[in-house]
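To start, the structure itself, in structure tokens.
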Protein chains: 2
Amino acid sequence: MSSATTSAAPADIARTAAISSRTLKAVSGDDRNAALTAIHEALKRSKDVILAANQQDMEAAQKLVDAGKMRQSLAKRLFLSQSKWESMLEGILDVRDLEDPVGKITLARKIDDGLDLYRVTSPIGVLLVIFEARPEVIANIASLALKSGNTVILKGGKESANSFAAIAQVVSDALATTNIPSGAVQLVQTREDINALLDQDQYIDLVVPRGSNELVRFIKDHTKIPVLGHADGLCAIYVHEDADEEKAKRVIVDAKTDYPAACNAVETLLVHQSAATTLLPKIAAALLQAGVSLRCDSLSKAALQSSSLDSEMKAMLQDAVPEDYDTEFLELTLAIKVVNGLDDAVLHIGEHSSGHTDCILTENKEVAEAFMTRVDSAGVYWNASTRFADGFRYGFGTEVGISTNKIHARGPVGLEGLMIYKYQLRGNGQVAGDYGSGKKPFLHETIENPQI
Amino acid sequence: MSSATTSAAPADIARTAAISSRTLKAVSGDDRNAALTAIHEALKRSKDVILAANQQDMEAAQKLVDAGKMRQSLAKRLFLSQSKWESMLEGILDVRDLEDPVGKITLARKIDDGLDLYRVTSPIGVLLVIFEARPEVIANIASLALKSGNTVILKGGKESANSFAAIAQVVSDALATTNIPSGAVQLVQTREDINALLDQDQYIDLVVPRGSNELVRFIKDHTKIPVLGHADGLCAIYVHEDADEEKAKRVIVDAKTDYPAACNAVETLLVHQSAATTLLPKIAAALLQAGVSLRCDSLSKAALQSSSLDSEMKAMLQDAVPEDYDTEFLELTLAIKVVNGLDDAVLHIGEHSSGHTDCILTENKEVAEAFMTRVDSAGVYWNASTRFADGFRYGFGTEVGISTNKIHARGPVGLEGLMIYKYQLRGNGQVAGDYGSGKKPFLHETIENPQI
């Protein structure tokens, strides 16, 4: 294990992060950017060492895969390929070149003469980022944290132990040459139970899990610290009676097959009863041709069986069980259900959706607006693939993750999700007892072009 | 108990709120405002009935006070005085006349031709508001919830049972004449353990406790639902070496004595060592004259004992114990401590403050800026009383409460704190597989003057 990773007690790690946070808040944007440049250059110089460490992790993982103790997909995520390496390095500079999110004035109000209220963006404080396999996340998250003025505790998984230690050493050495306080990025890789860190709600302000549904669910169940992320991505597409056939086929096949393991892939197809015998057979044929298994409720199955779908395809139809409508398949399987119409679709989504991204296919603007108003998910789409739900595709440059929370930040979360605000009141000795009924009134005037 | 309060099982109450939430999202701003008008008029008409019910609660409370089973201050909060009644009614109309917070576009971006992304403000969903004595909170919170398009479960305390039932009946009858779904405001007053409601994290999105520190702490410890509010309000004022004597005396006395039971009253006074023998004796004299008990650390006590403070006052000085610096006294008691300077003050506040509101008294702008940057509290004040930390004083018109959370909303929280956003993507059949490296590029252009 590298000396850059700490084996201090979780409470000490968390307290150090909280103390460093107060120092980091006073570090200028230029100094935070300089730190990102330093990390970028140091990583570039250390490519060989890091890739050699990654090779060790890959070999250990392959042994576990061969022994049936690790999924091949997990082993794949460990691999720092040439393209991952390059986009990791590029990502650091992309984040550096974003506008400084710290210290923006979002409200300025004259409470009285010489008594001015400002709401100013500020870092949340201390982040705990827990991840499993992908080692490049370290550089990505450390950049986002420093850019936003937050201190971060990075807790890596054992699968990427060597890669993690190597990158940690380089990041740590690079930061030592900058004006960033030494406790701003702590890289933790102890055998200690993850619970011990999740207990530090006194010092840690936000947990960001980057890994499997199981990891996210475990974390949500074991901490009082707010968690930013999503466990499930159970996305639905509703095909209204007037949906366009070509758009429907393209969007649904893309949403299911473009990357089936992604959280924004579609898992449930809801079909208006009037479209069950008209549109559904054509959509089903396109899906079956793309290798998708279809799990049908009785109405959709009956409609397909009595359609002109060829008999070979009809034989491939499966019966859905109730759990299918609550399952994130993450593979080429789709649950299909016939609904009475918009109300029924909205009801089904409300009961079964994970609040990630849900879509309607219709040519009727009024129906689309009603769907987008009534469905309460982070993303509500009209005639577009659910696969667009992604920070890069939204133009956020980079993302912390995708949130299905109902407060703070939803959907793809960029730097903004790592910020909060504080109220600054700048006075001249004013006291509250001088104001109120029968005394001085408040002015409450907006300050134009505020400058602190 | 009135028929307007429900005794349904907590899971059914919560599920009803969630289902109604999806209907309420589609109710227009005009219809939501009309509901507030209807509540206002119905309450006005029912004044006698409600005040008679309140009288019953007051009599029951007085018996408990006489028997030593209830604090007089709690009994006082139960009372619907003429001025409380009027400001309750006025508050409903004030909220009604605020700008509609639902459906504002906060981001509009062209992802590609015919593929437009909008971020639109939307209600959080289902609120659970738990309160103790003050019955007027029902009208206040129901107004805020309806205005922001959130459904709300109001859980009252047993102290205000009769007032609660009477107001609930009126609100319920009034809403039945409007376009608001019947499950939008549910008034719960069962003997059922509060825990059963706090377990409904599947349906409830935010808990707002309105009551004592003990209530808030209990709720935070017993739910996975996010809680908006604060348990402690442990505010500090730091007197820098160059603080102005008159301002210091006025601000500190106001912050301590204007309303000692408030969360924004000062509890700890930190004094620069150079000011201990110069400013502190004058501040201490003003505080003692105002009837404040002073709990001093050894340095401040020594400084005061050797000062020109009169001997009677010197005899009144108390010794502080370590816990005093973590205590929200909520009465005329103040803990005093000498610090080495700004760094030491920031460190003390970081370790002991509840993150509510902290203040510096100084004539040096640079020192003030450093304090306001480095202290991470919802409110950071320069030369102004901590008592200004309040939604009305900030000009927010009304407040849900004051939050010491580090995410979502901090400080006095108005309607904005009950809102989140969703992303709407409006397309024309676009699929993600058409974009990316070697394929179509994203445009990511800002849409000027967006209109949906």
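Coordinate-derived values only; no laboratory data. Predicted model, so just to flag it, every value in this text is computed and none were measured. Reconstructed Cβ throughout: ideal geometry from the backbone, glycine too, with neighbour counts over all protein chains shown.
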For B:Val339, the residues 5 or more places away or on another chain with a placed amide H closer than 5 Å to its own amide H are B:Val271, B:His272, B:Gln273
Check: C-alpha center region A:226-305 vs C-alpha center region A:128-159, spacing in Å is 35
Tally Lys/Arg at +1 and Asp/Glu at -1 over every other residue whose Cβ is under 10 Å from the Cβ of A:Asp244; what's the total? -1
Cβ-based exposure ranking for B:Ile402, B:Ile336, in which fewest neighbours within 10 Å come first: B:Ile402, B:Ile336
Residue by residue through region A:253-262, what is 3J(HN,Hα) from phi via Karplus (6.51 cos²θ - 1.76 cosθ + 1.60, θ = phi - 60°)? Round to whole Hz and write x for glycine and proline. 5, 5, 5, 8, 10, 4, 6, x, 7, 7
Using a label point 7 Å beyond Cα on the Cα-Cβ vector, give me the inter-copy distances for B:Glu369 in nanometres, one decimal, shortest first. 4.8
Pairs of Cα atoms under 8 Å, at least six residues apart: use those to get the relative contact order of chain B, whole percent. 19
Volume per residue of the C-alpha convex hull in region A:332-418, rounded to whole Å³: 118
Within 10 Å of each Cβ in peptide A:16-25, how many partner chain Cβ atoms are there on average? Round it to a whole number, please. 3
Between A:Arg71 and the same site in the other copies, what are the distances in nm, shortest first, taking label points 7 Å from Cα along the C-beta direction? 5.3
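Restricting to Cα atoms and excluding each atom paired with itself, what does the Kirkwood estimate give for region A:235-394 in Å?
Details: mean 1/r = 0.0659 Å⁻¹.
Hydrodynamic radius (Kirkwood, Cα pairs) of region A:235-394 is 15.2 Å.
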Once the Cβ-Cβ distance between B:Glu90 and A:Ser182 is put in as r, and R0 is 51 Å, what FRET efficiency do you end up with, to the nearest 0.05? 0.40
Convex hull (Cα only) mean projected area of region B:5-221, reported in nm² to one decimal: 13.5
Extension gain from B:Gln55 to B:Asn195, taking 0.36 nm per residue of separation minus the Cα-Cα distance: 47.4 nm
If amide hydrogens are placed 1.01 Å from N in the peptide plane, which non-local residues have theirs closer than 5 Å to the one on B:Gly125? B:Thr151
Per-residue mean of other chain beta-carbon atoms within 10 angstrom of the beta-carbon, peptide A:385-393? 5
Just checking the output field for B:351-363: average partner chain Cβ neighbours within 10 Å of each residue's Cβ? 1
Nearest 10 degrees, 0 to 90: what angle lies between the long axis of helix A:137-147 and the longest principal axis of chain A (Cα atoms)? 50
Exposure proxy check: B:Arg250, B:Arg32 ranked by fewest other beta carbons within 10 Å? B:Arg250, B:Arg32
Quick check: the angle from helix B:279-289's long axis to the longest principal axis of chain B, C-alpha only, nearest 10 degrees? 80
Calc'd 3J(HN,Hα), region A:401-407, phi into Karplus 6.51 cos²θ - 1.76 cosθ + 1.60 (θ = phi - 60°), Hz, glycine/Pro = x, comes to x, 10, 9, 10, 5, 9, 10
Chain B, closest residue to the rotation axis toward A, by beta-carbon, whole angstrom: B:His408, 2
Mind listing the long-range amide H neighbours of B:Gly401? Cut-off is under 5 Å, sequence gap 5 or more, other chains count too, H placed in the peptide plane at 1.01 Å from N. B:Val413
B:Glu351 label points, 7 Å along Cα→Cβ, one per copy: pairwise distances from this copy to the rest in nm, shortest first? 5.6
Positive dipole terminus of the protein assembly as shown, leading residue within A:Ile402, A:Ile111, A:Tyr325 (C-beta point charges): A:Tyr325
J(HN,Hα) series, region A:123-136, from Karplus relation 6.51 cos²θ - 1.76 cosθ + 1.60, nearest Hz, glycine and proline x: x, 5, x, 10, 9, 10, 10, 10, 9, 9, 7, 5, x, 5
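Given Cα pairs under 8 Å that are at least 6 residues apart, what percent is the relative contact order of region B:235-394?
32
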If neighbour count is taken as other Cβ atoms inside 10 Å, put A:Thr404, B:Thr151 in order from fewest to most. A:Thr404, B:Thr151
Tilt, helix A:29-45 to longest principal axis of chain A (alpha-carbon atoms), in degrees rounded to tens, equals 60
Mean projected area (nm²) of the alpha-carbon convex hull when region B:47-139 is viewed from all directions: 9.2
Kirkwood estimate for the protein assembly as shown, i.e. one over the average of 1/r between Cα atoms, Å: 29.7
Taking the convex hull of the Cα atoms, report for region B:120-241 its projected area averaged over all directions, in nm². 10.5
What span do the alpha-carbon atoms of region A:77-183 cover on each of the three principal axes, reported in whole Å from largest to smallest? 61, 27, 25
Rg [Å, one decimal], Dmax [Å, integer] - chain B, C-alpha atoms: 25.7, 85
